[in-house]
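Asker: Below: one structure in structure tokens.
The values are calculated or read from the model by the stated rules, or taken from the named source; none is laboratory data. Keep in mind that what you see is a predicted model, and the values were worked out from it rather than measured. Here the Cβ is made from the backbone with ideal geometry for all residues, glycine too, and neighbour counts use every protein chain on show. With ligands, DNA and RNA removed, areas are computed over all heavy atoms of the protein, side chains included. Shrake-Rupley method; radii C 1.70, N 1.55, O 1.52, S 1.80 Å.
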Amino acid sequence: MLFRSGFNNRERALRFAAEMAAKVAKSGVDSISVVGVDPKVRAWREQFAIYGKTLEEAVEVALGVFQKEQAVRESPHMAALLSAWVDDKTSDTLKPLREKSKKSIRNMAETFKADFGMARIKEITVERVEQYLRDKPCSQQYKENLRSYLSQFFNWCR
């Protein structure tokens, strides 16, 4: 004979069943359908139902948002990646650069470190780069140079 888990003998299981039967007889089936459901959970279900969503769907969306936030928090700082980029570009023996090119890369990396500070790489969006270039008080040609070096850097990061 099978017993409900949590009951180690038949008498306890029968006593629980009798209590549930009395509750149903007194207040109806709905009185036992919410046994163990936290009032907050019930309220959340009602709130999400307005939008045609279940509690499970809302939790999935929330987890997705939290994962993206965590990925940003755990991504490396721009400064560290810029240093690694400079080291990689200037020490590559397969594609050696002229000294003038190495100097330009170092200067641009220092500029970006100063301008982006300790921003995380995943915080940098296209919009942020465009705003950065718009706000930079310099000539159009210099802005184009900045854009080119940033493009090279982000391609290297990928």
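Asker: Got a sec? Charge dipole of the chain, +1 on Cβ for Lys and Arg, -1 for Asp and Glu; which of Pro39, Trp85, Asn8 is way out at the positive end?
Answerer: Ranked along the dipole, the leading option is Trp85.
Asker: Next up: So, counting K/R as plus one and D/E as minus one, what does the shell of residues with Cβ under 14 Å around Val61 add up to? Present the calculation step by step, with values, prior to reporting the outcome.
Answerer: Details: positive: Lys53, Lys68; negative: Glu56, Glu57, Glu60, Glu69.
Every neighbour counted, the sum reads -2.
Asker: Once you've got the Cα coordinates, tell me which of Lys95/Lys136; Lys89/Lys136; Lys100/Lys143 are over 22 Å apart.
Answerer: Working: Lys95/Lys136 32 Å; Lys89/Lys136 25 Å; Lys100/Lys143 19 Å.
Flagged as over cut-off: Lys95/Lys136; Lys89/Lys136.
Asker: Any chance you could look up the accessible area of Tyr132 with a 1.4 Å probe, heavy atoms only, rounded to 10 Å²?
Answerer: My reading of the accessible area for Tyr132 is about 30 Å².
Asker: If the only charges are +1 at each Lys and Arg Cβ and -1 at each Asp and Glu Cβ, what is the size of the charge dipole of the chain around the Cα centre, to the nearest 20 debye?
Answerer: For the chain, the charge dipole is close to 200 debye.
Asker: Moving on to the next point. Tell me, what % of the accessible area of the chain is carbon and sulfur with a 1.4 angstrom probe?
Answerer: On the way: 6580 of 11920 Å².
Carbon and sulfur together cover 55 percent of it.
Asker: What figure, in Å² to the nearest 10, do you get for the accessible area of Val129 with a 1.4 Å probe and non-protein molecules left out?
Answerer: 20
Asker: Please compute the Kirkwood hydrodynamic radius of the stretch 86-158 from all pairs of different C-alpha atoms, in Å with one decimal. Don't skip to the answer; put the middle values down first.
Answerer: On the way: mean 1/r = 0.0755 Å⁻¹.
When all Cα pairs of the stretch 86-158 are included, the Kirkwood radius is 13.2 Å.
Asker: While we're here: Starting from the eigenvalues of the Cα gyration tensor, five times each then square-rooted, give me the equivalent ellipsoid semi-axes of the stretch 1-142, largest first, whole Å. Kindly include the intermediate steps, with their values, before the conclusion.
Answerer: On the way: eigenvalues 869, 88, 19 Å².
Equivalent ellipsoid of the stretch 1-142: 66, 21, 10 Å, largest first.
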